[in-house]
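The values are calculated or read from the model by the stated rules, or taken from the named source; none is laboratory data. Here the structure is a predicted model, which means the values were calculated and not measured. Neighbour counts run over all protein chains shown; Cβ positions are idealised from the backbone, glycine included.
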Amino acid sequence: MSPIRHELRLLLRARLAAGALLLLALLAAASVAAGLTEVRHQQQVIERIAPQQAADVAAISQWVSQIEDPGSAAYYTFHPTWNSPSSLAFAALGMRDVAPYILRVRALGLEAQLYDGENFNPELALPGRFDFAFVLVYLAPLFAIALFHDLRSSEREAGRLVMLQALPRGRRLWWRRGVLRFAFLYVALALPFAIGAIAAGTGALSIFAVLALIAAYLAFWVALALLVERLNWSSVTNASALAACWLVVTLVLPTLAHVAINRAIPVGQGVELTLAQREAVNKAWDIPREATMARFFASHPEWRDTPPLPPEFHWKWYFAFHQVGDESVADRVRAYREGLEARDRAARALGWALPPVGMQAALTRLAETDLAGQLAYQDRVRAYHEQLRQFYYRYLFKDIPFRVTDFGKAPTFESDAPSR
């Protein structure tokens, strides 16, 4: 019998090792299935947007067509935007689990609309959903510890270590045993992921990148277990020490670092921007209309030479002060975004010292479900909102009647979703 086959038999006979590998494979498969189910649900929700939007527009157009009022059309018509999941999102849902991936916007002030959906507490969302990233980052190290904490100590406690080391090429025994356990540990994680990635249509480059990350992350924990083994402690002591390392490295230090980053880089809440923008909008009712229009024309000179405001209410003044409200909080919006990006950079830098943090960041970046992916979606919404405003402004500022056929001329949102 070859040495490899002998080691394989020993591994499969060990109930703890075999059970741990089977349980890890089941957890990985369950996490992949859960991720695929969630992504499929999100895609189905996005696919239902078009028929619902058509029904909404049809209902609004029946009423607006009777008065041909562009202001009413712009005010009552919501336009959907969406952030389609990448083909790798099933493995690391990231911010898709806590941030809106569908947002219906109007041609009114955008900032209040953007941050109305920010109703989650990021600090409570730290552990994340049960997805493949969760299994890899938090659970896989425990299985690596279970398989490698007693690689030598179990033989020493059984009284076989001296004999095994005296055998010709005795050192190869430990290499074979370690490589075999590492290979089974890797396959238990990589195989369910690869099957799920192929089913999701993930690109080969992204699959290979994640497979390499899995190997590197497992190698870190295996190396740590082998390092502790060299201290010649008992198996129970090895397991306790490694469990303490897991607790500190994966939970305690990341949490403390998160708190430290938040204190070092203070950032407000998006809802504060919503309140500030709404306050600016509400104040517009109490100031002269000419002052509001002057501020609007300063940033939109192309509409300056249009018909003046009539004595009665006019929609173009209403939409103008909403835009002025957005512009009044522009500096705060910029500071808010820069603060979030600074925190994100600090967390990514921390990942070089704490592998669990770095692994989570790498997976969400590959899946484009991290902060950068969410901000990119907001940028697409901002660009689309600008198109909407310019579309309706032409009718509002030139007093052009808005007819049923004009609803179909409104710009539509196009998602630049990643194809990973």
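Going by the structure shown, is ASP116 surrounded by fewer than 17 Cβ atoms within 10 Å (Cβ to Cβ), under 22 Å from the mean Cα position of the chain (by Cα) and farther than 17 Å from SER415 by Cβ? When the stated conditions are applied, ASP116 passes them. Of all residues in segment 263-288, those that are closer than 11 Å to ALA112 by Cβ and at pLDDT 90 or above have Cβ atoms under 9 Å from Cβ atoms of residues that are small (Gly, Ala, Ser) and outside any helix (DSSP H, G or I), 6 or more apart or on another chain, in GLN277/GLY109; ARG278/GLY109; ALA280/GLY109; VAL281/GLY109.
Looking at the structure I just gave you, is LEU375 hydrophobic (A, V, I, L, M, F, W, C) and under 14 Å from the mean Cα position of the chain (by Cα)? It is true that LEU375 is hydrophobic (A, V, I, L, M, F, W, C) and under 14 Å from the mean Cα position of the chain (by Cα). Residues that are of a type in the set (Ser, Thr, Tyr) and either in contact with a Phe, Trp or Tyr (Cβ under 9 Å, 6 or more places away or on another chain) or modelled with pLDDT under 95 (or both) occur in segment 187-202; there is at least one. Assess whether ALA59 counts as being surrounded by fewer than 17 Cβ atoms within 10 Å (Cβ to Cβ), modelled with pLDDT of 95 or more, aliphatic (A, V, I, L, M) and over 30 Å from VAL267 (Cα atoms). No: the conditions fail for ALA59. All conditions but one from (1) closer than 21 Å to MET359 by Cβ; (2) in contact with a helix residue (DSSP H, G or I) (Cβ under 9 Å, 6 or more places away or on another chain) apply to ALA199; the one that does not is (1). Looking across PHE184, PHE296, one residue alone is of a type outside the set (D, E, K, R), modelled with pLDDT under 95 and over 24 Å from LEU354 (Cβ atoms). It is PHE184.
In segment 328-355, how many residues are basic (Lys, Arg) and under 30 Å from PHE220 (Cβ atoms)? Number of matching residues: 3.
Here is a check on your reading of the model: is GLU327 at negative phi, among the acidic types (Asp, Glu) and surrounded by 16 or more Cβ atoms within 10 Å (Cβ to Cβ)? For GLU327, the condition - at negative phi, among the acidic types (Asp, Glu) and surrounded by 16 or more Cβ atoms within 10 Å (Cβ to Cβ) - is met. Checking each residue in segment 376-420 for being under 27 Å from PHE193 (Cβ atoms) and either in contact with a Lys or Arg (Cβ under 8 Å, 6 or more places away or on another chain) or outside any helix (DSSP H, G or I) (or both) picks out SER415, ASP416, ALA417, PRO418, SER419, ARG420. Taking residues in segment 380-394 that are surrounded by 20 or more Cβ atoms within 10 Å (Cβ to Cβ), and partners anywhere that are in a helix (DSSP H, G or I), the pairs with Cβ atoms closer than 6 Å and at least 6 places apart or on different chains are HIS385/LEU110; TYR392/ALA74.
Identify all residues within segment 326-343 that are closer than 26 Å to ALA107 by Cβ and among the acidic types (Asp, Glu); write none if there are none. Of everything in segment 326-343, those that are closer than 26 Å to ALA107 by Cβ and among the acidic types (Asp, Glu) turn out to be ASP326, GLU327, ASP331. Can you tell which of ALA215, ALA209 is under 20 Å from the mean Cα position of the chain (by Cα) and modelled with pLDDT of 95 or more? On inspection, the qualifying residue turns out to be ALA209. Just one residue in the set PHE397, PHE321 is of a type in the set (Phe, Trp, Tyr), touching a Pro at 6+ places or on another chain (Cβ under 8 Å) and either modelled with pLDDT of 95 or more or more than 28 Å from PHE134 (Cα to Cα) (or both); that residue is PHE397.
So which residues in segment 62-79 are surrounded by fewer than 18 Cβ atoms within 10 Å (Cβ to Cβ) and within 27 Å of GLY373 (Cα to Cα), if there are any at all? Selection gives PHE78 alone. Among all positions in segment 311-322, there is no residue which is in a helix (DSSP H, G or I) and free of Cβ contacts under 8 Å to residues at least 24 places away in the same chain.
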